[in-house]
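Structure first, commentary second.
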């Protein structure tokens, strides 16, 4: 269970022998997730873009947990080629995968494109993780019972999937694009869960809370002097630490009671209702088809 009092996932589990990938784990929620998984004995792969920062975090985690089985994978979710190379390197080292945590995310900013021409937020938050997951489905099935955990956000409820302008070529709004990408996380979670039903692989999504991470610090309202000295102090009591923000991820990844639970969305370690848009099966199928087309991912799930 998650304890509200201390913000911890309090069930003790032994993850020795489990192999885990956590994307974006050199900082913030991902780093705290990787640290706790290592503390519980798992072999943890930190899939990150910046090798130098990841190495610093890796050494810190090893020192804290006394677990030497913490490794680095180079992964840039803004490049499908990088995603493919990451998976190829991982498969040379491992023939099993028990938990995949799609934690890495990008938020807000002017319209930019990934190396493959995707709008950056959609590309990093959805298309990259989509391809990564699909390329690892074979190992997840082989290692069942296994889990995919997708870190989304409650702002998915404000998102709309622009079926006629998915790549924001006709119009672009940074908040709208972010919300769309988080909605895509839920739609992907629900559709993949259906397709993997009966395989022993579960797929769930979550809202970690409003967390004091680099993503939070990118908010425009706190980037000027007024924001730093007035707005941010007012927001601080309502913002979680990265350690606290990692707790629902840990719950979804580890809780024994969830071994057969799939296709759900959690917040504060409890199931939550998704928006009507996130529950739309036709939209989910549309996104699935487009994602396969855009990424060239295998459709074996």
Among the residues of the range 51-75 satisfying the criterion of being in a loop (DSSP other than H, G, I, E, B) and in contact with a strand residue (DSSP E or B) (Cβ under 9 Å, 6 or more places away or on another chain), which is farthest from residue 19 (Cα to Cα)?
-> 75
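Of the residues 53, 35, 40, which is closer than 23 Å to residue 206 by Cα and more than 18 Å from the chain's Cα centre (by Cα)? Quick ask: steps written out before the conclusion?
Working: 53 fails: closer than 23 Å to residue 206 by Cα; 35 fails: more than 18 Å from the chain's Cα centre (by Cα).
Among 53, 35, 40, only 40 is closer than 23 Å to residue 206 by Cα and more than 18 Å from the chain's Cα centre (by Cα).
When you check residue 65 against the structure, is it under 21 Å from residue 205 (Cα atoms), buried (at least 16 other Cβ atoms within 10 Å of the Cβ) and at pLDDT 95 or above, yes or no?
On the way: under 21 Å from residue 205 (Cα atoms): no; buried (at least 16 other Cβ atoms within 10 Å of the Cβ): yes; at pLDDT 95 or above: yes.
No.
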What is the one condition in (1) closer than 17 Å to residue 196 by Cα; (2) within 20 Å of the chain's Cα centre (by Cα) that residue 295 does not satisfy?
-> (1)
Which pairs do you get when a residue that is on the phi > 0 side of the Ramachandran plot, found in the range 248-265, comes within reach of a residue that is assigned to a helix (DSSP H, G or I) and modelled with pLDDT of 95 or more, reach meaning Cβ atoms under 8 angstrom, with the pair 6+ apart or on two chains?
-> 263/189; 263/190; 263/193; 263/194
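What's the total number of residues in the range 37-53 that are surrounded by fewer than 24 Cβ atoms within 10 Å (Cβ to Cβ) and either free of Cβ contacts under 8 Å to residues at least 12 places away in the same chain or out of contact with any helix residue (DSSP H, G or I) (no Cβ under 6 Å at 6 or more places or on another chain) (or both)? Even if it seems obvious, please write down each step before you answer.
Just the residues of the range 37-53 that are surrounded by fewer than 24 Cβ atoms within 10 Å (Cβ to Cβ), to begin with: 39-41, 43, 49-53.
Next, only the ones that are either free of Cβ contacts under 8 Å to residues at least 12 places away in the same chain or out of contact with any helix residue (DSSP H, G or I) (no Cβ under 6 Å at 6 or more places or on another chain) (or both) stay: 40-41, 43, 49-53.
Looking only at that region, the number is 8.
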If you check 123, 107, which single one turns out to be modelled with pLDDT under 95, over 16 Å from residue 25 (Cβ atoms) and either touching a helix residue (DSSP H, G or I) at 6+ places or on another chain (Cβ under 9 Å) or not in a helix (DSSP H, G or I) (or both)?
-> 107
Name every residue in the range 76-112 that is in contact with a strand residue (DSSP E or B) (Cβ under 8 Å, 6 or more places away or on another chain), buried (at least 20 other Cβ atoms within 10 Å of the Cβ) and more than 21 Å from residue 293 (Cα to Cα), in order of residue number.
-> 90, 97, 98, 99, 100, 101, 103, 104, 105
Scan the range 155-202 for residues that are in a loop (DSSP other than H, G, I, E, B), in contact with a helix residue (DSSP H, G or I) (Cβ under 8 Å, 6 or more places away or on another chain), farther than 15 Å from residue 281 by Cβ and touching a residue at least 24 places away in the same chain (Cβ under 8 Å) and report the count.
-> 8
Could you tell me which numbered condition residue 70 fails, if it satisfies all but one of (1) crowded, with 22+ Cβ neighbours inside 10 Å; (2) over 20 Å from residue 205 (Cβ atoms); (3) under 18 Å from the mean Cα position of the chain (by Cα); (4) free of Cβ contacts under 8 Å to residues at least 40 places away in the same chain?
-> (3)
Just one of 142, 182 is under 28 Å from residue 98 (Cβ atoms), crowded, with 24+ Cβ neighbours inside 10 Å and out of contact with any strand residue (DSSP E or B) (no Cβ under 7 Å at 6 or more places or on another chain); which is it?
-> 182
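Results for (1) closer than 26 Å to residue 141 by Cα; (2) loosely packed, with under 15 Cβ neighbours inside 10 Å, shown as yes or no for each residue.
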residue	(1), (2)
254	yes, no
259	yes, yes
268	no, no
271	yes, yes
278	yes, no
281	yes, yes
288	yes, no
293	yes, yes
296	yes, yes
In the range 54-83, what residues are under 20 Å from residue 97 (Cα atoms) and out of contact with any helix residue (DSSP H, G or I) (no Cβ under 7 Å at 6 or more places or on another chain)?
-> 58, 69, 71, 82
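The values are calculated or read from the model by the stated rules, or taken from the named source; none is laboratory data. From a predicted model like this one, the values you see are computed outputs, not experimental measurements. As a convention, Cβ positions derive from the backbone with ideal geometry for all residues, glycine included, and neighbour counts pool all protein chains shown.
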